[in-house]
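J.: Quick one: this structure, given as structure tokens, is what I'll be asking you about.
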Amino acid sequence: MSINILVVDDEQAIADLIEVYLKNEGFTVYKFYNGQDAFRCVESKQLDLAILDVMLPDIDGFTICRKIREKHNFPIILLTAKEEEIDKITGLTLGADDYITKPFRPLELVARVKAQLRRFTKYNSPEQKQEERLIAFSGLVLDMDARECTLNEKKLSLTPTEFSILWVLCSNRGRVVSSEELFREVWGDKYFSNSNNTVMVHIRHLREKMGDSAENPKYIKTVWGVGYKIEK
């Protein structure tokens, strides 16, 4: 079965380079140089992952990311030439799963793509035992098959990454999950010094959606210097 990847970058040389490397890995690539054409592709094609440049001539990558998340939950990787941390945080807040800063090594981007696809496939796999695909406690219900989460019977609008983080924490209730373990489990990638910031941003927005707080948590508790824990 072909894996379809959307690539959007107004720098044609970069978009063409990404296309070459992804096609060499056997992926089907839908490549565009502007946001409008990308939108039409999202609506008409069955996509498995999107790579979006933040700076585009018509519609910025943040807007495309937000619109995709209104209907789709496939992984999104943002490309940005900016070094400011706020741009990375903005992308993660809008539903992006990962980001990579230009200039980048094509092989690193390919590795990130594969890691996101592994994570997404793993948490949508029907091979897990049926009894392991539903978690319910303290008013919180996670349904792996539907990829839905409800809290006190109210549906939470979680990104795929947020759902995966919550699933890992809930599956390990009563045990501290280190930031490194959480990153490896959810992102399927090596843990680096800046990886902890990525985890922290997702945890913060997950708490906001759950109405939880770091100071007086009902669900996600921070164990300083170690990681995160959900009590049994």
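J.: Where both partners of a DSSP beta bridge lie in the chain, what percent of those bridges are antiparallel, to the nearest 5?
T.: 50 percent
J.: Would you rank His205, His72 by solvent-accessible area, highest first, keeping every protein chain in place and using a 1.4 Å probe?
T.: Accessible-area ranking of His205, His72, largest first: His72, His205.
J.: Once the other residues with Cβ under 10 Å from the Cβ of Leu94 are scored (Lys, Arg +1; Asp, Glu -1), what is the net sum?
T.: Cβ neighbours under 10 Å give a net charge of +3.
J.: Just want to confirm a number: the relative contact order over the stretch 90-232, from Cα pairs under 8 angstrom separated by 6+ residues, in percent.
T.: For the stretch 90-232, the relative contact order is 22 percent.
J.: While we're on this one: Please compute the contact order of the stretch 1-80 in relative form: average sequence separation of alpha-carbon pairs under 8 Å and at least six residues apart, divided by the residue count, as a percent.
T.: Averaging sequence separation for qualifying contacts and normalising by length gives 33 percent for the stretch 1-80.
J.: Under unit Cβ charges (Lys, Arg +1; Asp, Glu -1), what dipole magnitude, rounded to 20 debye, does the chain have relative to its Cα centre?
T.: Computed charge dipole of the chain: roughly 760 debye.
J.: How large is Rg over Rh for the chain, taking Rg from the Cα atoms and Rh as the Kirkwood inverse mean of 1/r across Cα pairs?
T.: 0.97
J.: What is the sum of charges, Lys and Arg at +1 and Asp and Glu at -1, for the other residues whose Cβ falls under 10 Å from the Cβ of Pro217?
T.: +1
J.: Rank Phe74, Ser138, Phe32 by how far each Cα sits towards the positive end of the charge dipole of the chain (+1 on Lys, Arg Cβ; -1 on Asp, Glu Cβ) and give me just the farthest.
T.: Of the candidates, Ser138 comes out farthest on the positive side.
J.: Given a cut-off of 30 Å, name the pairs among Lys31/Lys155; Lys154/Lys229; Lys71/Lys102; Lys23/Lys155 whose C-alpha atoms lie farther apart than that in the structure shown.
T.: Lys31/Lys155; Lys23/Lys155
J.: Show that you can apply the helix-only estimate: for the chain, add -39,500 (n - 2.57) for every DSSP H stretch of four or more residues, divide by all residues, and state [θ] at 222 nm to the nearest 500.
T.: So the calculated ellipticity at 222 nm is -12500 deg cm²/dmol.
The values are calculated or read from the model by the stated rules, or taken from the named source; none is laboratory data. The structure presented is a predicted model; accordingly, all values stated were derived computationally and were not measured. Cβ coordinates were reconstructed from backbone atoms using ideal geometry, including for glycine residues, and neighbour counts include every protein chain displayed. Surface accessibility is based on the protein's heavy atoms, side chains included, excluding ligands, DNA and RNA. Shrake-Rupley method; radii C 1.70, N 1.55, O 1.52, S 1.80 Å.
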